[in-house]
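Some notes on the structure that comes next.
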Protein chains: 2
Amino acid sequence: MPAARLDATFAALADPTRRAIIARLANGEATVTELAAPFRMTQPAVSKHLKVLEKAGLITRGRDAQRRPCRLAPKPLKDATDWLETYRRNWEQAFDRLDALLDELQQPPTPTLGPRP
Amino acid sequence: MPAARLDATFAALADPTRRAIIARLANGEATVTELAAPFRMTQPAVSKHLKVLEKAGLITRGRDAQRRPCRLAPKPLKDATDWLETYRRNWEQAFDRLDALLDELQQPPTPTLGPRP
């Protein structure tokens, strides 16, 4: 996959409204009106976000001129996940080390001397 | 995790040089000089990218004033992966449907009439 594609995907994901739109579309297609409803946003503001998502290939829009329903296009999400998965080993190892450290800290200290008088 | 944190992570990942820096740091800590070497970039240009990564919490820098080695900080990568993993079901289903369609297209058509003369 060209780097520019991954740039566009990650840039599109760097916004809470666009991530919320993706979350909504994961449950099925929706029109702009349906997408705008849960946000305190005008339809033009939502449309602007949809354009970013569409340009990044994260959504496609239906041809019905009146409704133009939006659908999630899964390929860019898969590619972004694949890229991040490469580093799973890194963060898993880091969290394992942290767990080990926490376990160690929770052990009662080994008494090396008797109790103080 | 606050949405702003995820915004910063995805924005930081939306650049091929920063992704390459992350890929390099996944193999171990490195100084700015070491990071700049494989890129045709000046050290100040690399430092600029490091600041974005550091602000997003994706890297930490050592205290040694001379070297200030960079290290990958795994938590934001894990959180970004976790967010994307929520949609794994979506893209897996979409690719399964595509596979089924391709299998169908590769079947030889059922002859309903004899060969043409």
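Numerical summary
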item	result
Residue match in the range A:60-81 (condition: hydrophobic (A, V, I, L, M, F, W, C) and in a strand (DSSP E or B))	yes
Some residue of the range A:51-68 being touching a Ser or Thr at 6+ places or on another chain (Cβ under 7 Å) and open to solvent by less than 20 Å² (accessible area, probe 1.4 Å)	yes
Residue check, residue B:79 out of contact with any Pro (no Cβ under 6 Å at 6 or more places or on another chain), free of Cβ contacts under 8 Å to residues at least 24 places away in the same chain and surrounded by fewer than 18 Cβ atoms within 10 Å (Cβ to Cβ)	no
Matching entry among B:26, B:37 (being hydrophobic (A, V, I, L, M, F, W, C) and within 8 Å of chain A (Cβ to nearest Cβ))	B:26
When residues of the range B:82-117 are limited to those that are among the polar types (S, T, N, Q) and assigned to a loop (DSSP other than H, G, I, E, B), the one modelled with the highest pLDDT	B:86
Among (1) among the small types (Gly, Ala, Ser); (2) more than 20 Å from residue A:5 (Cβ to Cβ); (3) at pLDDT below 95 - the single one residue B:8 does not satisfy	(3)
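The values are calculated or read from the model by the stated rules, or taken from the named source; none is laboratory data. Keep in mind it's a predicted model, so treat the numbers as computed, not measured. Because the Cβ atoms are built from the backbone with ideal geometry, glycine has one as well, and the counts that use them run over all protein chains shown. Quick note on the areas: whole protein, heavy atoms, side chains included, nothing else; ligands and nucleic acids left out. Shrake-Rupley method; radii C 1.70, N 1.55, O 1.52, S 1.80 Å.
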